[in-house]
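Data block below; observations after.
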Amino acid sequence: MDAPVPVKRSLGGWALIAVPYVWLLIFFLAPFLIVFKISLSQIAVAIPPYLPAFDLASGWQAFFEKLGELSFENYLWLTEDDLYWKSYVSSVVIAGISTLLTLLIGYPIAYGMARSPQSLRPTLLMLVILPFWTSFLIRVYAWIGILKNEGLLNQLLLSLGLIDEPLVILNTNIAVYIGIVYSYLPFLVLPLYASLERLDGSLLEAAEDLGCPPWLAFWKITLPLSLPGVIAGCFLVFIPAVGEFVIPDLLGGSDTLMIGKTLWTEFFNNRDWPVSSAVAVILLMILVIPIVLFQNQQQKIAEKEA
C-alpha cells in the first residue's frame, strides 16, 4: 500500500489556518495570562488594587528569580472558604438543571420545526432567532415585570381564579431557571433542528411498513440519530450558564449562589482583584472540560459527514 502523499500548502493556505490561532492568542490566551498573573499577586490599597508578583519591565533575570518565589495563597484561600466551592457546585447544579429543562422544552420545538412543511420552516426558524434582535439585558429585565408579585403572570392567574394570592417567583431559583431556559433556548433548538432536519425520512417509513409503532420508531431511530444535535445544544447551554451573572443578579435572590455573582462581588465590592482573578482562573479550568468534550464531539460529527 502506497504511503499517503503529503499535502503542500501555499502561503495563503497557511495564512488562512493561522487566522483562528492568532485570534485565540490575542483574545483568549493573552487575557488569560494577565488574569493568571493578577491571581498570583497580593491585594493592596493602590490603583490598581494589587501588588504585581513580577514585572517584565524589571528585566528577564529578575523575572526568572521571581518565578521561584510565586505564591498560590489566593488559590489556597478558595479551598479554605466555603463560599467559593459552594458557589462552584451551585453554579454547576443550576446550569445542569437549566440545561435539562431547556432540552425538555427545546426538543419538541425542534422536532416540530423539522417535521413542518418545507415552506413553513424559514418562518419558524426566524421566530426562534427573533429574540436575538432585542438586547439580552432588556429581555431579562422584562421577566421582572412578568414574575414579580404584581406582575403579569400573577395577575393572569388571579383573574383566572387559579390562585388566591400572588406567587413568590421573583428573587428565587425558579426565576433563575426561567431566565436561563428562556435566554438560552435558541442555542439548543438551532443545532438540534439542524440535526433533525437532515434525518432521512425513509427510515421512519421503513419502520412503519415493518409494523413499528411511532413511539418506538422515535426511540429507536429519531432519538439516536439526533444525539449529535442534542449533545451540541446541551454544551452550548451548559457552558455559558455556569458562569452566568446577569440572570441570577436580576432574577435571583440573596440565597441564589452562583460563581458569576461571587466573582462580581469580589472584584467590584471587595476590590480583591487577586482573589477574584483566582476565582476566574478556576472557573475557566472547570469549563475547559465540557469545552474539550464539545470540540471532540464536533470533530467526530465532521469526520462522519466527510
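The values are calculated or read from the model by the stated rules, or taken from the named source; none is laboratory data. None of the values given here were measured: they were computed from a predicted structure. Every residue, glycine as well, gets a Cβ built from its backbone with ideal geometry; the counts of neighbours run over all protein chains shown.
Beta carbons closer than 8 Å, at least 6 apart along the sequence or on distinct chains, pair a first residue in segment 259-274 that is aromatic (Phe, Trp, Tyr) with a second that is buried (at least 20 other Cβ atoms within 10 Å of the Cβ) and outside any helix (DSSP H, G or I) for Trp273/Ser41; Trp273/Tyr50.
Okay, residues lined up against (1) over 13 Å from the mean Cα position of the chain (by Cα); (2) aliphatic (A, V, I, L, M); (3) within 21 Å of Gly179 (Cα to Cα):
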{"site": "Gly229", "(1), (2), (3)": "yes, no, no"}
{"site": "Asp255", "(1), (2), (3)": "yes, no, yes"}
{"site": "Trp264", "(1), (2), (3)": "yes, no, yes"}
{"site": "Asn270", "(1), (2), (3)": "yes, no, no"}
{"site": "Ser276", "(1), (2), (3)": "yes, no, no"}
{"site": "Val292", "(1), (2), (3)": "yes, yes, no"}
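If you scan segment 113-139, which residues turn out to be touching a residue at least 60 places away in the same chain (Cβ under 8 Å), farther than 18 Å from Thr102 by Cα and of a type in the set (A, V, I, L, M, F, W, C)? Matches in segment 113-139: Leu137 only. Of all the numbered requirements in (1) surrounded by fewer than 18 Cβ atoms within 10 Å (Cβ to Cβ); (2) in contact with a Leu (Cβ under 6 Å, 6 or more places away or on another chain); (3) assigned to a loop (DSSP other than H, G, I, E, B), Ile146 misses one, and that requirement is (3). Scanning segment 228-274 for residues that are surrounded by fewer than 20 Cβ atoms within 10 Å (Cβ to Cβ) and small (Gly, Ala, Ser) turns up Gly243, Gly253, Ser254. Cβ separations smaller than 6 Å between residues 6+ apart or across chains give the following pairs from segment 292-306 residues that are over 20 Å from Arg198 (Cα atoms) to residues that are modelled with pLDDT of 70 or more and surrounded by 10 or more Cβ atoms within 10 Å (Cβ to Cβ): Phe294/Phe235. Among the candidates Leu225, Leu188, Leu203, the residue that is buried (at least 17 other Cβ atoms within 10 Å of the Cβ), among the hydrophobic types (A, V, I, L, M, F, W, C) and touching a residue at least 12 places away in the same chain (Cβ under 8 Å) is uniquely Leu188.
Considered as a group, the residues in segment 32-57 that are modelled with pLDDT under 75 and in contact with a helix residue (DSSP H, G or I) (Cβ under 8 Å, 6 or more places away or on another chain) include one that is nearest to Leu263 (Cα to Cα), and that residue is Ala53. Could you say whether any residue in segment 284-298 is in a helix (DSSP H, G or I), exposed (fewer than 12 other Cβ atoms within 10 Å of the Cβ) and of a type outside the set (A, V, I, L, M, F, W, C)? Within segment 284-298 (the criterion being in a helix (DSSP H, G or I), exposed (fewer than 12 other Cβ atoms within 10 Å of the Cβ) and of a type outside the set (A, V, I, L, M, F, W, C)), the answer is yes, since at least one residue qualifies.
Look at (1) outside any helix (DSSP H, G or I); (2) within 17 Å of Ile109 (Cα to Cα); (3) not aliphatic (A, V, I, L, M) and you find that Phe218 fails only one, number (1).
For segment 149-178, a tally of residues being of a type in the set (S, T, N, Q), without any contact (Cβ under 8 Å) to a residue 24 or more places away in the chain and part of a helix (DSSP H, G or I) returns 3. Evaluation of Trp14 against the conditions (1) at pLDDT 70 or above; (2) assigned to a loop (DSSP other than H, G, I, E, B) shows that the sole unmet condition is (2).
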